[in-house]
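The values are calculated or read from the model by the stated rules, or taken from the named source; none is laboratory data. Bear in mind the structure is a predicted one, so any value in this text is a computation, not a measurement. No Cβ is skipped: glycine too gets one built from the backbone with ideal geometry, and neighbour counts run over all protein chains shown. Heads up: the accessible areas ignore ligands, DNA and RNA and are worked out on the full protein's heavy atoms, side chains in. Shrake-Rupley method; radii C 1.70, N 1.55, O 1.52, S 1.80 Å.
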Amino acid sequence: MTAPTPAAVEAAMRLAITAAQRVKGSTYPNPPVGAVILDPGGDVVGTGGTQRTGGPHAEVLALREAGERAAGGTAVVTLEPCNHHGRTPPCVDALLAAGVAAVVYAVADPNPVAAGGADRLRAAGVAVTAGLLAEEVAGGPLREWLHKQRTGRPHVTWKFATSIDGRSAAADGSSQWITSDAARADLHVRRAAADAIVVGTGTVFVDDPTLTARLPGGEPAERQPLRVVVGKREISPEANVLNEDSRTMVIRTRDPHEVIKALTDRTDILLEGGPTLAGAFLRAGAIDRILAYVAPILLGGPVTAVDDVGVLTIAKALRWRYDSVERIGPDLLLSLTPG
Ligand SMILES: NC(=O)c1ccc[n+]([C@@H]2O[C@H](COP(=O)([O-])OP(=O)(O)OC[C@H]3O[C@@H](n4cnc5c(N)ncnc54)[C@H](OP(=O)(O)O)[C@@H]3O)[C@@H](O)[C@H]2O)c1
């Protein structure tokens, strides 16, 4: 019998990350976690992602699939296994009962109530390794949940589509379909994983968007985020954003902090408003990540992606840094965090 090779363990962690991405958005208040069980020879015998609140955690699902083949094997998990009785028993108990010989996890649990899993496993003689692909996990499936644990606030991503000359709409205000089908499909996957999509009344008046998450065929995704409209003007009861496809909250304010307060029980907020609302959130320092879909087109004209952000001279520019740059069909997706 051979122990799993480091390559097999890393491949298992990548599988666990994929399992976590798949359940992202459906696990609140629990974190979206992925787990994979390797048998003593290093073969994958179980995979799981956290189920909805009160449902089994990732480790428990993966162990169920593995059955007796988990004994003497390795559990590979994106987050330190929990050590407390919440709505479900501690995952550490399940791992010990299954007789795994080793546990490898990416990120330590920052929640003091659930932490301590690694210590308990070690005390029971299990070989524990921490930190494998920690950056990928902390910047990927666990990003918004970790932000919420750290700050107590939901994580806000400002998403916009732009031409290469920084225009978010043509001179007549039309902005739908700046980017390609591929870029829009990517956005819809992100919408399905988000808790809320926020726009200003201006976008509702000009674009009349539905703001739902849709599958490539056009049909609604299984999970729909809350739609949020911000601003003082009344929107038409006929507006698409008020249709039956999802729930909608109208917040009669222009203050980004009030918007965040109203959404404080959420974790992952996607700001999809126009230049006015984006400018207001940037001035308020209320954006944690920017996702810019950049199309290889030029529009010129007056509608810039963002209005006044309070910068009058270059020395005061708001500095961000690129996290990643991806090609999506003919477009680019730039992901940035505060620099
Ligand atoms: N390319 C893209 O990604 C993208 C995305 C969305 C929209 N757009 C385009 O953007 C254009 C609409 O721009 P927009 O700026 O009007 O849209 P917006 O930012 O979504 O809505 C602006 C409205 O929000 C309200 N508001 C909320 N907070 C505010 C604040 N702090 N300060 C001022 N107003 C605040 C105001 O309405 P009240 O008077 O009701 O308070 C304001 O008129 C359209 O052409 C649309 O096609 C492009």
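By the scheme Lys and Arg +1, Asp and Glu -1, what is the net charge of all other residues having a beta-carbon under 13 Å from that of Leu133? Before the final figure, lay out the partial values.
Working: positive: Arg14; negative: Glu10, Glu135, Glu136.
Its environment carries a net charge of -2.
Rounded to whole Å and sorted largest first, list the principal axis extents of the Cα atoms in the stretch 73-222.
Principal extents (Cα only, largest first): 68, 31, 31 Å.
So with the 1.4 Å probe, I'd like the accessible area per residue for the stretch 116-192, rounded to whole Å². If you can, show how the numbers build up before the last one.
On the way: 3430 Å² over 77 residues.
Using a 1.4 Å probe on heavy atoms only, each residue of the stretch 116-192 averages 45 Å².
Can you sort Met13, Met249 by 1.4 Å-probe accessible area, starting with the largest? Could the numbers behind the result be given before it?
On the way: Met13 0, Met249 60 Å².
Descending order: Met249, Met13.
Given the C-alpha centroids of the stretch 226-270 and the stretch 147-169, what is the distance between them in whole angstrom?
Centre-to-centre distance over Cα atoms comes out at 16 Å.
Where Lys and Arg each count +1 and Asp and Glu each count -1, what net charge lies around Thr210 among other residues with Cβ under 9 Å from its Cβ?
Values: positive: Arg214, Arg227; negative: Asp208, Asp245.
Computed value for this residue: 0.
Restricting to bridges with both residues inside the stretch 178-308, how much of the DSSP beta-bridge set is antiparallel, in percent to the nearest 5? Let's see the in-between values first.
Numbers: 1 of 13 bridges.
In the stretch 178-308, approximately 10 percent of DSSP beta bridges are antiparallel ones.
Using only the Cα atoms, work out Rg/Rh for the stretch 164-226, with Rh taken as the Kirkwood radius, to two decimals. List each step's numbers first, then the result.
Values: Rg = 12.6 Å, Rh = 12.9 Å.
Radius of gyration relative to Kirkwood radius: 0.98.
What area, in nm² and to one decimal, does the C-alpha convex hull of the stretch 184-262 cast on average over all directions? Provide the component values of the computation, followed by the final result.
Working: hull surface 20.9 nm².
Spelled out: convex hull of the Cα atoms, projected over all directions, averaged, 5.2 nm².
So for the stretch 225-339, Kirkwood radius off the Cα pairs, Stokes-Einstein at 37 °C and 0.692 mPa s: how many µm² s⁻¹?
Working: Rh = 16.4 Å.
Calculated translational D: 201 µm²/s.
Hey, any idea what % of the chain's accessible area is carbon plus sulfur with a 1.4 Å probe?
Working: 8530 of 15820 Å².
Result for the chain: 54 percent of the exposed heavy-atom area is carbon or sulfur.
May I ask for the angle, rounded to the nearest 10°, between helix 6-23 and the longest principal axis of the chain, with both axes built from Cα atoms and the value confined to 0 to 90°?
50
Can you give the extra length, in nm with one decimal, that the chain gains between Arg321 and Arg14 once fully stretched, where that is 0.36 nm per residue apart less the Cα-Cα distance?
Working: separation 307, 0.36 × 307 = 110.52 nm, distance 2.53 nm.
Using 0.36 nm per residue and subtracting the Cα-Cα distance, I get 108.0 nm.
So, by mean Cβ neighbours within 10 angstrom, what's the order for 23-33, 126-136 with the highest one leading?
On the way: 23-33: 22.6, 126-136: 15.6.
By packing density, highest mean first, the sequence is 23-33, 126-136.
Going out from 0 in 20 Å bins, what whole percent of all Cα-Cα distances in the chain drops into each bin?
Cα pair-distance distribution for the chain, in percent: 29, 50, 20, 1.
So between Ala182 and Arg122, what do we pick up on full extension, going 0.36 nm a residue minus the alpha carbon distance?
Values: separation 60, 0.36 × 60 = 21.60 nm, distance 4.62 nm.
Contour length minus the Cα-Cα distance gives 17.0 nm.
Between Thr313 and Asp93, with labels modelled 7 Å along Cα→Cβ, what's the label distance in nm to one decimal, could you check?
Distance between the two pseudo-spin positions: 6.4 nm.
Sort 178-185, 164-171, 315-322, 142-149 by the packing proxy (mean of other Cβ within 10 Å over each peptide's residues), most packed first.
Working: 178-185: 18.1, 164-171: 16.2, 315-322: 10.2, 142-149: 21.1.
Those peptides, ordered most packed to least, come out 142-149, 178-185, 164-171, 315-322.
Can you give the charge dipole size of the chain about its Cα centre, rounded to the nearest 20 debye, using +1 on the beta carbon of Lys and Arg and -1 on the beta carbon of Asp and Glu?
Dipole magnitude for the chain comes out near 700 debye.
Heavy atoms only, probe 1.4 angstrom, no DNA, RNA or ligands counted: give me Phe160, Phe281 ranked by accessible area, highest first. Display every interim value, and only then the final one.
Numbers: Phe160 35, Phe281 5 Å².
Largest to smallest exposure gives the sequence Phe160, Phe281.
Full extension from Thr5 to Arg233: what is 0.36 nm times the residue separation minus their Cα-Cα distance, to one decimal in nm? Show your work: numbers first, answer last.
Numbers: separation 228, 0.36 × 228 = 82.08 nm, distance 6.10 nm.
Net length gain for the segment: 76.0 nm.
Once you order the gyration tensor axes a ≥ b ≥ c over the Cα atoms, which shape class does the stretch 153-309 get: rounded for a/c under 1.5, otherwise prolate or oblate by comparing a/b with b/c? List each step's numbers first, then the result.
Details: a/c = 1.35, a/b = 1.11, b/c = 1.21.
Taking the square roots of the gyration eigenvalues as a ≥ b ≥ c, the stretch 153-309 is rounded.
For the stretch 10-94, take N as its residue count and report Rg(C-alpha) divided by 2.2 N^0.38 Å. Don't skip to the end; give the middle numbers.
On the way: Rg = 11.8 Å, N = 85, 2.2 N^0.38 = 11.9 Å.
It is 0.99.
Working with all protein chains in place, sort Lys159, Lys232 by solvent-accessible area computed with a 1.4 Å probe, largest first.
Working: Lys159 30, Lys232 130 Å².
Largest accessible area first, the residues go Lys232, Lys159.
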